[in-house]
Every structure is written in structure tokens, then in C-alpha cells.
There are 2 protein chains.
Amino acid sequence: MAIDRKQLIVKAATKSFSLFGYKATTMDQVAKIANVGKGTIYTFFKNKEELFDEIISSLIKEMKSEAEQAIDSERSFQENLHRALYRILEYRMEHQLTIKLFQEEREMGTPAVLEVMARLEKEIIQYIAGKVQTLGIDKGEIKQCDPQLTAFIMLKLYISLIFDWEKEHPPLEKQEIAELLEQYVFKGLSI
Amino acid sequence: MAIDRKQLIVKAATKSFSLFGYKATTMDQVAKIANVGKGTIYTFFKNKEELFDEIISSLIKEMKSEAEQAIDSERSFQENLHRALYRILEYRMEHQLTIKLFQEEREMGTPAVLEVMARLEKEIIQYIAGKVQTLGIDKGEIKQCDPQLTAFIMLKLYISLIFDWEKEHPPLEKQEIAELLEQYVFKGLSI
DNA sequence: ATAATGACTGAAATGTTCATCTGGTCAAAA
DNA sequence: TTTTGACCAGATGAACATTTCAGTCATTAT
């Protein structure tokens with residue numbers, strides 16, 4: 001069977017988006033890296049944005065899978081929530097694609113990138129909200145609360161503590177953040 | 001005695017910054033509104049940025065004064081913290097100058113504005129941290145905790161709940177935010 | 001004397017022009 | 001039927017021209 005051209009294209013595009021960002025990646029460039037004609041890309045994807053979206057969907061899937069691996073049914077809900085959130089934000093800090101896109105969002109405000117980053121955040125909150133419901137509320141580990149709002153607050157809190165705090169102060173260790181989560185959120189939520 | 005030219009200039013500049021933002025305000029414009037020669041401005045202020053800084057210093061003073069008025073020694077620390085923070089963010093939403101500058105920060109990223117907004121945030125955190133120490137810790141109303149970190153978390157939490165949450169959901173009422181503060185932070189801090 | 005002024009200056013921002021680039025198409029080739 | 005790259009219209013940005021503006025200082029007013 002012939003080589004899987006679609007996969008070649010996706011790989012090439014991922015590489016280029018990671019290296020140069022969304023805007024600075026040209027379809028000619030993607031075609032060249034993938035060793036296909038430019039027209040071929042358009043037999044698999046309606047346009048540049050759809051190609052981008054498909055890559056982001058994979059990214060989201062992988063992030064969820066990473067978070068899922070961080071969860072350990074032997075541990076408490078609180079520990080697991082911390083581990084999942086921390087894993088997600090670590091993932092964001094470790095991967096060239098998310099770093100580049102985050103930078104492009106702040107520095108250039110490319111609309112397609114803004115859109116996609118909003119979707120990413122929404123999906124993370126959705127995922128965390130699910131865990132708050134199933135691991136926290138359903139299992140009786142925490143009080144009744146709005147899972148959406150709780151997930152939203154948790155994510156914002158983590159982003160503030162990891163990314164904003166260190167703009168003016170020495171960065172917080174993973175352990176310190178876990179303790180803050182305990183101190184500020186769980187003492188209020190636990191039964 | 002002759003008219004107070006310095007005050008005229010400050011008033012004119014405040015008006016222009018509020019209406020057009022920092023970048024779009026010209027010194028000629030300020031001079032014209034103030035009915036003084038442009039050179040006169042430079043007898044009172046070294047440059048445009050120093051004039052801006054003086055106006056921001058007044059703004060900070062007024063914000064603190066507003067917050068101070070919201071605090072009522074009869075009430076609990078928790079209530080007072082909520083009232084002070086909410087008052088500060090209300091102030092930011094109500095005043096043309098802060099609205100305009102916030103917009104200029106996001107949309108244009110004018111360096112002088114970024115700088116000044118960072119100072120504003122720092123001063124708010126400093127102020128709140130002081131209240132956490134004197135009203136909370138010293139009076140024994142809450143546990144020992146890092147006042148800086150607590151103030152930082154509180155402010156970020158409030159900004160998220162007031163400004164970010166409503167990007168995707170119906171806005172939260174003042175009362176709801178107070179309850180979230182109670183639920184997520186105070187249950188963990190109170191003795 | 002001192003205080004106030006606004007015409008002036010150079011640097012930086014902005015507008016304009018035009019050649020190049022790029023997302024997307026489609027007729028031809030494989 | 002699938003793949004391709006030459007082609008097109010609109011977007012982009014480099015190069016240059018023009019305007020704007022923060023800040024100065026010689027002159028004027030008090």
C-alpha cells in the first residue's frame with residue numbers, strides 16, 4: 001500500500017506550526033516538508049484552518065490522555081485533581097506547539113489561534129469539571145458544588161500560581177502549589 | 001493669586017487620557033485643553049510619562065480611599081475583604097480612565113501603559129496584603145498564611161470570576177461572588 | 001528678575017506604493 | 001481516480017514619502 005499521505009501532511013504541518021507558529025506556516029512549506037503536491041493537502045482538508053483544527057484535536061486528546069495517566073484510583077480526589085491539573089499545565093510548558101501558539105496568541109493575536117486556544121481552555125475545563133463530578137461529588141469526596149465553576153476556578157488558580165506569580169516572585173514548587181490547593185480550596189470543599 | 005497651572009494641566013491630561021488613552025493623547029492637546037503653553041507642562045513634569053505617573057498615583061490613592069471606605073470595623077474580616085476587593089474592581093469598571101487604559105493595554109500594548117498597569121496591580125496586592133495581615137492575621141480572624149500570596153490569589157480569583165467567567169457564562173452577582181469567596185477560601189483559612 | 005510661551009527640531013509614527021507572497025483552484029498528468 | 005503544480009486574486013510587507021509629536025529654547029509677558 002502507498003504511503004499514508006494524510007498522515008504525512010499532518011506530521012509536516014505539526015512540525016511547521018511548532019517551529020514557526022500558525023501564521024508563519026505556509027501551505028507550500030507544509031507540502032514541501034510532507035513531500036506532496038500542495039493540491040493534495042486540499043483533498044484531505046478544506047483549508048488551512050481545518051488542518052490546524054485537526055492537529056489541535058489530537059493535541060487535546062493527548063492532553064486528556066496525559067491527565068488520565070496522572071490519575072490514580074488509589075489516591076484521594078484532591079491528590080488526583082492536583083496531579084491532573086499540574087500534568088496538563090506541564091504538558092503545555094513542555095511542548096513546542098503549545099508554547100509557540102501561546103506566544104502567537106499574546107504577541108500577534110492571530111484570530112485562528114485565539115479561537116483555538118479558547119477551545120483548548122474550554123475543553124480542559126470541561127474535562128476537569130467531569131472529574132470534579134465523577135471523582136469528587138459522585139464518590140462523596142467533596143460537597144455539592146457547581147463542577148463547571150469549580151473547574152474554572154481551579155484552572156485559573158493554577159495558571160495564576162504557575163505562570164503569573166513567577167513574573168514578580170520566585171516560582172512555586174509543585175509541592176507548594178499542592179499545599180495551596182489544599183489550604184485554599186479543599187479545606188472549604190471537603191466534608 | 002494666579003490660577004494653579006499645574007492643576008489645570010493635571011485635569012486636562014486626566015480628561016484626555018480618559019477620552020483617548022495614553023498614546024493618542026498629545027502634549028499639544030493637553031496644553032490646549034489646559035489653556036497653557038506646551039512649554040509650561042515641562043516646567044512641572046519632566047516628560048509625558050511623569051505626568052502620566054502622577055495621574056496614576058492619584059488614581060491609586062483614590063482607589064485605596066474607596067476601598068478604605070468600604071471597610072467597616074464592625075464587620076468580619078471576610079466581609080471586609082470581599083467589600084474592599086469588590087469595591088476596587090467596581091472602581092475599575094466605573095471609571096473611564098481605568099477602562100480606557102485596560103483596553104489600551106490589551107489592544108495596543110503601549111509600553112508605558114503596561115508598566116503603569118503592572119504598578120497598579122502591585123499596589124492593589126500590597127494594599128490587600130496589608131489588610132490580610134492587620135485585619136486577618138493580627139486580629140486572629142484567620143490562620144497564619146503568607147499575606148502576599150493570599151492577596152495575590154484573592155485578586156486573581158476575583159478578576160477571573162468578574163471578568164473572565166462572563167466571557168462564556170452569565171455574569172455572577174456580587175452576592176454569588178461573596179459566597180464563592182466564603183466557600184473556596186475562607187472555609188480553608190478560618191480557625 | 002522669573003514665568004510662560006509656541007515655533008522649531010529630529011526622531012518616530014504613519015500613510016502610500018508596488019512588487020512579492022500565499023491560500024486556494026483546477027486543468028493536466030500519472 | 002488520485003495527485004500535482006502552474007496559476008490567480010487578494011493579502012502582505014518592504015521601501016520610501018509624509019506627517020506627527022515629545023521635548024527644547026529663544027523670545028515675550030509679567
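The values are calculated or read from the model by the stated rules, or taken from the named source; none is laboratory data. Since the structure is predicted, the reported quantities are computational estimates derived from the model, not experimental observations. A quick note on method: Cβ atoms are made from the backbone with ideal geometry, for glycine too, and the neighbour counts reach across all protein chains shown. For the accessible areas, the whole protein counts, side chains as well, though only heavy atoms, and no ligand, DNA or RNA atoms are used. Shrake-Rupley method; radii C 1.70, N 1.55, O 1.52, S 1.80 Å.
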Show me the trypsin sites (Lys or Arg not before Pro) within the stretch B:150-191 that DSSP assigns to loop and that have at most 13 other Cβ atoms within 10 Å of their Cβ. none
Measuring label to label, 7 Å along Cα→Cβ, what does residue A:40 give against each other copy in nm, shortest first? 7.4
Any GluC sites (Glu not before Pro) in the stretch B:26-87 that lie in a DSSP loop and have at most 16 other Cβ atoms within 10 Å would be B:74
At R0 = 22 Å, FRET efficiency that the Cβ-Cβ distance of residue A:172 and residue B:182 yields, to 0.05: 0.35
Cβ-defined net charge surrounding residue A:118, 13 Å radius [Lys, Arg +1; Asp, Glu -1]: -4
Largest fluctuation, A:144, A:78, A:96 only, Gaussian network model of chain A with Cα springs under 10 angstrom, belongs to A:144
Which angle between 0 and 90 degrees, to the nearest 10, do you get for helix A:48-70 versus the longest principal axis of chain A when only C-alpha atoms count? 30
Any idea how far apart residue B:19 and residue B:138 come out in nm if each label point goes 7 Å out from Cα toward Cβ? 4.4
Once Rh is set to the Kirkwood radius over Cα pairs, what Stokes-Einstein translational diffusion coefficient, in µm²/s, holds for the stretch B:1-64 at a temperature of 4 °C and a viscosity of 1.567 mPa s? 110
Spin-label pair residue A:35/residue B:47, simplified geometry with 7 Å Cα→Cβ offset, distance in nm: 5.6
Over every pair of different alpha-carbon atoms in the protein assembly as shown, take the mean of 1/r and invert it; report that Kirkwood radius in Å. 23.9
Under the Karplus curve 6.51 cos²θ - 1.76 cosθ + 1.60, θ = phi - 60°, whole-Hz ³J(HN,Hα) for the stretch B:168-173, x wherever Gly or Pro sits: 10, 9, x, x, 8, 6
Rounded to the nearest 10 Å², the accessible area of residue A:132 using a 1.4 Å probe with every protein chain kept is 0
Once amide H atoms are built 1.01 Å from N in the peptide plane, which residues 5 or more positions from residue A:142, or in another chain, come under 5 Å H to H? A:137
Quick one: with label points 7 Å out along Cα→Cβ, list the inter-copy distances for residue B:76 in nm, shortest first? 2.3
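Give me a single rounded figure for A:178-187: the average over its residues of other chain Cβ atoms within 10 Å of their Cβ.
Partner Cβ neighbours, averaged per residue: 5.
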Qualifying trypsin sites (Lys or Arg not before Pro) for the stretch A:5-47 [loop in DSSP, other Cβ within 10 Å: at most 16]: A:23, A:46
Cβ-vector label at 7 Å, residue B:144, separations to other copies in nm: 3.8
Can you give the angle from 0 to 90° between the axis of helix B:96-107 and the longest principal axis of chain B, with both taken from C-alpha atoms, to the nearest 10? 90
Tally Lys/Arg at +1 and Asp/Glu at -1 over every other residue whose Cβ is under 11 Å from the Cβ of residue B:69; what's the total? -1
Charge tally for neighbours of residue B:21 with beta carbon under 10 Å away, counting Lys, Arg as +1 and Asp, Glu as -1, is -1
Hey, which of these cross-link pairs are over 30 Å Cα-Cα: A:143/B:143; A:64/B:174; A:46/A:122; A:23/A:156; A:23/B:23; A:23/B:46? A:64/B:174; A:23/B:46
Beyond 24 Å, how much of the Cα-Cα pair distribution for the stretch A:56-189 remains, as a whole percent? 29
